[in-house]
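Working notes for the structure below.
The values are calculated or read from the model by the stated rules, or taken from the named source; none is laboratory data. Note that this is a predicted model, so its numbers are computed, not measured. Cβ sites come from the backbone with ideal geometry, for glycine too, and all protein chains shown count toward neighbours.
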Number of protein chains: 2
Amino acid sequence: MRASFDLSLYLVLDPVQCGGHDAAVRVARAALEGGATLVQLRAPEWHKRAWLELARELLPITRAHGVPFVINDHVDVALAAGADGVHIGQRDLPADIARQLLGPDALIGLSVSNLDETADAARLAGVVDYLGAGPVYATPTKTDASTPCAIDGLAEICAAARLPTVAIGGIQAHNAADVMRARPAGLAVVSALCKAADPREAATVLRATIARART
Amino acid sequence: MRASFDLSLYLVLDPVQCGGHDAAVRVARAALEGGATLVQLRAPEWHKRAWLELARELLPITRAHGVPFVINDHVDVALAAGADGVHIGQRDLPADIARQLLGPDALIGLSVSNLDETADAARLAGVVDYLGAGPVYATPTKTDASTPCAIDGLAEICAAARLPTVAIGGIQAHNAADVMRARPAGLAVVSALCKAADPREAATVLRATIARART
């Protein structure tokens, strides 16, 4: 288990949305300067060689900010890059196997989309560090996603979860405050930062919204 | 490096072509009874949980036949399943990293599609055990494949290769003898077994064709 991590503003970095490898590095750097607290690399359209090359370039940047860097799905890429962990879905390798392969210090997140999956995840305490709950809203980013849980469903998941839970799916500046009413530990965003004209400013605004929602 | 392996009749098992998990198990068992000498699992449309479940069911079957079982691309699935190795492409994780993650006894194959990649692979002796050369013919099985090398291109690759080389791409019973004229170490087939009405009989016929071509 990871000693400490902060789910407040969780960047899911999709390099295709960003505009390629170099643009993704720029988005990550800017988002971290604006206050992103965790970075996940997710590039479903890419082959693993390209994941690895980007991961190796991102890791020193996230390290310099003291922010964990995790890989979506691919435990082998995480091992090859020396990333801090993985984020896995319900149909990826089982969490206990990811934990075995990555070791006790890795940060491991698991996606849940309903209360049944949240209850199953409760049995994974000691294996999984945090949950990603969603999609809150329908999103064109992830075409194989489950039915949106909406704010009420998210609130139920967050109340039931035994682990820190970050909300994901269609979260943008304009609905961030609404989502925070469900009391997640933080917000995970894709296009809100990857497609932002100014990702640093966008991250700063989101951090402020999250901070206000907690008071 | 794997102590010994036989590339003669290499089954690339695509469970979607077979008709699902259970059908893939039946195809693999029948192909092994018919003389398949190596099995690779490749399921690009599938999530890794399904790969792992199928791999775990296939492994005792391949073991009972004394035939290696490798995983396409996903080193993490190979590690999780305890498979004998991986087959990687030019855009997958680099071979030296796959070797580090899998250890010295794993069987590692690398795809090459031209003489430049074959020359690069010569520098990987001690890391890679064999090459997969192709596609020989255009094939609808693999939509992201390189330009077909045809029999002449395959012959050039086999002559230049420092490692045992199995031909792949569009190989069927009707062209197997032609492909063997390029002197590969064996033939890798997908639909010729996965879509065969009788995979055991189809494997027997292919083995006989390969044996005749060597005399």
| request: Only one of these is surrounded by 15 or more Cβ atoms within 10 Å (Cβ to Cβ), out of contact with any Lys or Arg (no Cβ under 9 Å at 6 or more places or on another chain), polar (S, T, N, Q) and at pLDDT 95 or above: A:Gln17, A:Gln40. Name it. | output: A:Gln40
| request: Scan the stretch A:21-41 and give yes if some residue there is under 15 Å from the mean Cα position of the chain (by Cα), more than 13 Å from chain B (Cβ to nearest Cβ), in a helix (DSSP H, G or I) and over 16 Å from A:Arg200 (Cβ atoms), otherwise no. | output: no
| field | Boolean, A:Leu124 is surrounded by 16 or more Cβ atoms within 10 Å (Cβ to Cβ), within 13 Å of chain B (Cβ to nearest Cβ), more than 23 Å from A:Val27 (Cα to Cα) and out of contact with any Asp or Glu (no Cβ under 7 Å at 6 or more places or on another chain) | value | no
| said: Given the criterion in contact with a Gly (Cβ under 9 Å, 6 or more places away or on another chain) and acidic (Asp, Glu), identify the matching residue among B:Asp152, B:Asp129. | reply: B:Asp129
| message | Please count how many residues of the stretch A:117-134 are among the β-branched types (Val, Ile, Thr) and within 17 Å of A:Gly169 (Cβ to Cβ). | response | 1
| request: For the stretch B:78-89, enumerate the residues that are over 19 Å from B:Asp22 (Cβ atoms) and either touching a residue at least 24 places away in the same chain (Cβ under 8 Å) or touching a helix residue (DSSP H, G or I) at 6+ places or on another chain (Cβ under 7 Å) (or both). | output: B:Ala78, B:Leu79, B:Ala80, B:Gly82, B:Ala83, B:Asp84, B:Gly85, B:Val86, B:His87, B:Ile88
| field | Any chance A:Arg49 is of a type in the set (Lys, Arg) and more than 14 Å from chain B (Cβ to nearest Cβ) | value | no
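Can you pull out every residue in the stretch A:164-176 that is closer than 25 Å to A:Ser4 by Cβ, buried (at least 18 other Cβ atoms within 10 Å of the Cβ) and of a type outside the set (S, T, N, Q)?
A:Val166, A:Ala167, A:Ile168, A:Ile171, A:Ala176
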| query | Of everything in the stretch B:58-70 that's in contact with a helix residue (DSSP H, G or I) (Cβ under 8 Å, 6 or more places away or on another chain) and closer than 17 Å to B:Val86 by Cα, which residue is surrounded by the fewest Cβ atoms within 10 Å (Cβ to Cβ)? | reply | B:Leu59
| said: Residues to consider are B:Pro104, B:Pro148, B:Pro135, B:Pro140; find the one that is touching a residue at least 60 places away in the same chain (Cβ under 8 Å), out of contact with any His (no Cβ under 9 Å at 6 or more places or on another chain) and either part of a loop (DSSP other than H, G, I, E, B) or crowded, with 18+ Cβ neighbours inside 10 Å (or both). | reply: B:Pro104
| note | For the stretch A:82-91 the number of residues that are within 11 Å of chain B (Cβ to nearest Cβ) and crowded, with 24+ Cβ neighbours inside 10 Å is 2
| Before we move on, is A:Leu59 in contact with a His (Cβ under 7 Å, 6 or more places away or on another chain) and either among the hydrophobic types (A, V, I, L, M, F, W, C) or assigned to a loop (DSSP other than H, G, I, E, B) (or both)? | no
| query | Does A:Ala106 satisfy the condition of being among the small types (Gly, Ala, Ser), at the interface with chain B (Cβ under 9 Å from one of its Cβ atoms), touching a helix residue (DSSP H, G or I) at 6+ places or on another chain (Cβ under 8 Å) and closer than 30 Å to A:Ala159 by Cβ? | reply | no
| task | Check whether at least one residue in the stretch A:184-194 is surrounded by fewer than 19 Cβ atoms within 10 Å (Cβ to Cβ) and assigned to a loop (DSSP other than H, G, I, E, B), and report yes or no. | result | no
| request: Taking A:Asp129 as the residue in question, decide whether it is touching a residue at least 24 places away in the same chain (Cβ under 8 Å) and charged (D, E, K, R). | output: yes
